Amino acid sequence: MEVVKQLIVFAHFKGGVGNSFIASNVALELAKNKILTCLIDFDTKLPNCANILGLEVKKKNSMYKFFNNNNPDLKGDYFIYDKNISQNLYIISSSCEDEVEVLEELNDNSNDIEDLLNISKEAFDIVIVDLPVDYQNPQVISSIQKADKIFIIGDLDINAIENTFRYLEMYKSLNIPLTKFTYIPNKFFDNNDITISTIKETLGIRIGTSVPFDYQLVLDSIIKSKPIISTKNKITNAIRDICGMITGNIQFDEVVEGDSIIKNPFDQAKEEVASTKFEFVFKEKEGED
């Protein structure tokens, strides 16, 4: 599937709304449709994306190591993947082994954040960014300013909608057009007090596909580190609808990845953007099949 290169941000303004869960499954579904996809987990204090996908991020190739490596030729080493999950999905994340105090340095490193976003967008077709709830840190501001589309994940809690309204007002003051934003109601169920029309009227932005509520299905997926899209269910259908909003393909159907060898994204980027300051070399890790 041919798509326009895009930086897609998943944001939330209240904890526990399922932002990482939706972002991770959307990224995997895009990758399974043979779209070269990168998932950036900017939630350095509670990195969940790798666990949701069944990946392990080690300290030696974590996001913090990326920011502290001054050799641009080796930047690709910190984008990890597992071909058994998808040969088209790469992730960069902090490690649970990284110290919180060390990761706090990220908040004062907006230039490195810009570099990571630029490198990712050059090398991949679609970049999915999972943001932390802290709307004031540089990861959030830089990502939202550079984003092509911004999906706000929220539930039917009045605090989530109220917080979203306030932060949208702040982003308007930064001259970020509201046309970039789409609100995705997660854990959706019939509620007489809060309806889709109420949310749309309150926020003044586009309302996207509602993700239905199924507590047990989501809990099993997270505990087993088995992505929700591995099974057929209503949540999976909603994930595919969101993918369709990203790609412009309304009928975003399941595609099984073939056995064709995908060219390494960093080698490809090196050929296409050799005139830039980045030289991409992606080395297969020793011991990988």
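The values are calculated or read from the model by the stated rules, or taken from the named source; none is laboratory data. Computed from a predicted model, the values in this text were never measured in an experiment. Glycine also receives a Cβ, built like all others from the backbone with ideal geometry; neighbour counts cover every protein chain displayed.
Structure above, values below:
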{"item": "Any hit, region 26-38, residues being closer than 18 Å to LYS224 by Cβ, assigned to a helix (DSSP H, G or I) and of a type in the set (Gly, Ala, Ser)", "result": "no"}
{"item": "Within region 121-163, considering residues that are over 15 Å from VAL9 (Cα atoms) and at pLDDT 90 or above, the one surrounded by the fewest Cβ atoms within 10 Å (Cβ to Cβ)", "result": "GLU162"}
{"item": "Region 66-94 residues that are part of a strand (DSSP E or B), paired with ones that are basic (Lys, Arg) (beta carbon under 9 Å, 6 or more apart)", "result": "ILE80/LYS58; ILE80/LYS285; LEU89/LYS32"}
{"item": "Members of region 207-232 that are of a type in the set (D, E, K, R) and touching a Lys or Arg at 6+ places or on another chain (Cβ under 8 Å)", "result": "ASP214, ASP220"}
{"item": "Matching residues in region 168-177 - criterion: being surrounded by fewer than 17 Cβ atoms within 10 Å (Cβ to Cβ) and within 19 Å of VAL133 (Cα to Cα)", "result": "GLU169, MET170, LYS172, LEU174"}
{"item": "Restricting region 178-200 to residues that are within 24 Å of SER24 (Cα to Cα) and among the charged types (D, E, K, R), the residue that is surrounded by the fewest Cβ atoms within 10 Å (Cβ to Cβ)", "result": "LYS180"}
{"item": "In region 106-156, the residues that are in a loop (DSSP other than H, G, I, E, B), closer than 20 Å to THR179 by Cβ and not acidic (Asp, Glu)", "result": "LEU131, TYR135, ALA147"}
{"item": "Filter result (out of contact with any Lys or Arg (no Cβ under 8 Å at 6 or more places or on another chain) and farther than 18 Å from VAL127 by Cα) within region 84-98", "result": "ASN84, CYS96"}
